[in-house]
Amino acid sequence: MHLSPPHSTVSRWRSNAAGLPPEVPVEIAWIGLGSNLGDRRGLLESALAALGRLEGLGVHSVSSAWETSPVGPVTQEAFLNAVVRVSTSLSPQHLLQRLLSTERDLGRVRNQRWGPRAIDLDLLLYADRQVDEPGL
């Protein structure tokens with residue numbers, strides 16, 4: 001099963017990047033997507049489309065989707081996962097805030113630790129940085 005980035009995303013990013021001042025750094029980041037409720041594939045595709053619309057972020061490539069078993073004490077269905085490679089002018093903190101906002105927009109409700117979720121967006125890597133801050 002393969003997910004594809006929206007066709008307009010890369011060209012939109014190029015125009016955004018060209019409009020940025022030269023002192024604004026652009027970094028490569030990797031975002032994990034996961035879902036184990038409802039139409040998992042549809043939710044991953046919706047998340048991918050939402051990422052493609054974020055200002056200051058361009059989707060470059062998307063992995064194939066794969067299933068994983070849930071982790072933790074809560075009995076639940078398997079996750080469908082994918083990873084996205086992006087370019088971004090956002091800081092790690094701002095990127096994380098945009099990911100959390102996108103989760104909420106797609107129906108994520110945080111009411112049970114390790115519980116099932118409609119969508120999960122995780123900032124896996126941000127350039128070569130190691131960020132040790134609350135929330136990251």
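Please treat every number below as a calculation from the coordinates, not as lab data. Computed from a predicted structure; not experimentally measured. Cβ atoms come from the backbone with ideal geometry, glycine included; neighbour counts cover every protein chain shown.
Tabulated data for the structure shown
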| quantity | calculated |
| --- | --- |
| Relative contact order (%) - region 7-126, alpha-carbon pairs under 8 angstrom, separation at least six | 38 |
| Distant-in-sequence amide H partners of Leu54 (H built 1.01 Å from N, under 5 Å) | none |
| Estimated dipole of region 39-136 in Debye, rounded to 20 [Cβ of Lys and Arg +1, of Asp and Glu -1, Cα centre] | 140 |
| Intensity falloff of region 7-126 expressed as log10 I(q)/I(0), Debye formula with alpha-carbon point scatterers, at q = 0.15, 0.18, 0.22, 0.23 Å⁻¹ | -0.66, -0.91, -1.26, -1.35 |
